């Protein structure tokens, strides 16, 4: 526990705040005591993972609850009863044949740590996002997604939550036929004191799994794992004109076969699609097309980490002070950070991610990030890209260049009430457009350049942004704020939150959640 002199920053240096106190529980029991004390004293508490959020979801000026010490991690694989977790898992836990194992993770466990521990046991997460630096719980609490267009986001692979709300503590499972963990062994497994309330209830689970710390603190989670696998990454990404790629996205053909020649000849199942746009090309807007195919896991060490710092430094050096070289500099960034391979055929990546943004980037260049999410069946995201990419070219021609990246990825839907990809249709697909403005390249400043601010003002005024949901872990803008009223199950979330929380939930209120209408 420390006093309020400590200034906190998020991972990208785009946020800075000074809480009154920083508390660091070293056990679940101590966490429960801290929450009880805070409730009695009328304090507000904001749980923190590794502070990867670009949004104000992690910010409050009262108590910052740093959970990095809650780092217990255990993995059990099918047929292995050698661990406490393995002995506690019931027959119901293994009914799905795609399940190869489970991980019980504390709030301080990172995706990096989960992946490394799983690799040694021959298991892996079903899907991951573009970085593995976040905590597991922090990542699924904001409905982080991958680029596997046929898989849902992280929350759908969570099976149990240990939620502390102040005076109450809950174990919540999805509500399958029977418990996944033996109720008699559950308190000892979680390190929970007496009074644990257990639920097998889909509505409560869908409310709690993506709740932005607004109901309570998720101290432990049960994660379902699959067999270890790899994604075959093309060695040389082709560029294609946006005008040629757009029709394949609109028709859905891009999800049936890769929208580039030759990629469908890679071994394995086509699984992953990402576009990285270059609107700075002299002739027309193009995009690098990244496709990956699911293959068996390679033996030996997992794929090498792809770190951002040296790549971004090369990027800055290539630009120099000549903005006309931005297209070339963008090529350097992509080709040095995302195009490493063991041979011409491709590189087997053990996990669903490229760790470009894991470390180094904020130390060499602070970044911001915004992400807008639309149903992929709608043409709204394509209209947005048409106008936004044209706007980049207009600003460039006017001598007011936007400096940053546009990327496009996809995921399936989820039933989590406050997930950006929430949809009652399990086969629905969602489009994720991420915009990452670079901050002051030459002065390593945390502020956005005047040109980028001008561009973002115009971009967020594009009409189709009004139909988008903002990624809870990314940024918002003065003209487009986070708003839970965009979510059709908001009232269901509020009803479940009232059932789980203490009193009116004041312990976990924050200015961000209040403004976003995440309250009950």
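Residues that are more than 24 Å from residue 144 (Cα to Cα) and not in a helix (DSSP H, G or I): does segment 103-118 have at least one? Checking segment 103-118: not a single residue is more than 24 Å from residue 144 (Cα to Cα) and not in a helix (DSSP H, G or I).
To keep it simple, each residue is scored yes or no on (1) farther than 14 Å from residue 65 by Cα; (2) part of a loop (DSSP other than H, G, I, E, B).
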{"site": "13", "(1), (2)": "yes, yes"}
{"site": "19", "(1), (2)": "no, yes"}
{"site": "22", "(1), (2)": "no, no"}
{"site": "26", "(1), (2)": "no, yes"}
{"site": "31", "(1), (2)": "no, no"}
{"site": "35", "(1), (2)": "no, no"}
{"site": "39", "(1), (2)": "no, no"}
{"site": "47", "(1), (2)": "no, no"}
{"site": "51", "(1), (2)": "no, yes"}
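Regarding segment 234-248, can at least one residue be identified that is within 23 Å of residue 109 (Cβ to Cβ), surrounded by fewer than 22 Cβ atoms within 10 Å (Cβ to Cβ) and either modelled with pLDDT of 85 or more or in contact with a helix residue (DSSP H, G or I) (Cβ under 6 Å, 6 or more places away or on another chain) (or both)?
Step one: filter segment 234-248 for residues within 23 Å of residue 109 (Cβ to Cβ), giving none.
No; the residues of segment 234-248 include none that is within 23 Å of residue 109 (Cβ to Cβ), surrounded by fewer than 22 Cβ atoms within 10 Å (Cβ to Cβ) and either modelled with pLDDT of 85 or more or in contact with a helix residue (DSSP H, G or I) (Cβ under 6 Å, 6 or more places away or on another chain) (or both).
Going by what's in this entry, would residue 389 be described as touching a residue at least 24 places away in the same chain (Cβ under 8 Å), under 19 Å from residue 244 (Cβ atoms), part of a helix (DSSP H, G or I) and assigned by TED's automatic domain parsing to the domain that holds residue 271? Yes: the conditions hold for residue 389. Considering segment 493-520, and only residues there that are at positive phi and modelled with pLDDT under 95, the residue that is surrounded by the most Cβ atoms within 10 Å (Cβ to Cβ) turns out to be 505. Quick check on my filter: what residues within segment 244-277 are under 16 Å from residue 407 (Cα atoms) and touching a residue at least 40 places away in the same chain (Cβ under 8 Å)? Matches in segment 244-277: 245, 246, 249, 272, 273, 274, 275, 276, 277.
The residues of segment 455-480 that are surrounded by fewer than 18 Cβ atoms within 10 Å (Cβ to Cβ) and in a loop (DSSP other than H, G, I, E, B), listed by number, are 461, 478, 479.
To keep it simple, each residue is scored yes or no on (1) under 17 Å from the mean Cα position of the chain (by Cα); (2) within 29 Å of residue 30 (Cα to Cα).
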{"residue": "123", "(1), (2)": "no, no"}
{"residue": "131", "(1), (2)": "yes, no"}
{"residue": "164", "(1), (2)": "no, yes"}
{"residue": "172", "(1), (2)": "no, yes"}
{"residue": "197", "(1), (2)": "no, yes"}
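Output the number of the condition that residue 97 fails; it satisfies all remaining conditions of (1) assigned to a loop (DSSP other than H, G, I, E, B); (2) modelled with pLDDT of 90 or more; (3) surrounded by 14 or more Cβ atoms within 10 Å (Cβ to Cβ). The one condition residue 97 does not meet is (3). The condition of being out of contact with any strand residue (DSSP E or B) (no Cβ under 9 Å at 6 or more places or on another chain), in the same structural domain as residue 386 (by TED's automatic domain parsing) and surrounded by 18 or more Cβ atoms within 10 Å (Cβ to Cβ) holds for only one of 272, 280, that being 280. Summed over segment 133-155, the residues that are within 9 Å of the chain's Cα centre (by Cα), part of a loop (DSSP other than H, G, I, E, B) and on the phi < 0 side of the Ramachandran plot give a count of 6.
Condition test on residue 106, is it under 25 Å from residue 228 (Cβ atoms), crowded, with 24+ Cβ neighbours inside 10 Å and at pLDDT 95 or above?
Details: under 25 Å from residue 228 (Cβ atoms): yes; crowded, with 24+ Cβ neighbours inside 10 Å: yes; at pLDDT 95 or above: yes.
The answer is yes for residue 106.
Within segment 67-77, the set of residues being in a loop (DSSP other than H, G, I, E, B) and touching a helix residue (DSSP H, G or I) at 6+ places or on another chain (Cβ under 6 Å) is empty.
Here residue 257 passes the criteria (1) modelled with pLDDT of 85 or more; (2) surrounded by 16 or more Cβ atoms within 10 Å (Cβ to Cβ) except the one numbered (2). The set of residues in segment 156-196 being at positive phi and buried (at least 22 other Cβ atoms within 10 Å of the Cβ) consists of 166 alone.
The values are calculated or read from the model by the stated rules, or taken from the named source; none is laboratory data. Because the structure is predicted, anything quoted here is derived from the model rather than measured. Neighbour counts are summed over all protein chains in view; Cβ atoms, including those assigned to glycine, are modelled from backbone coordinates with ideal geometry.
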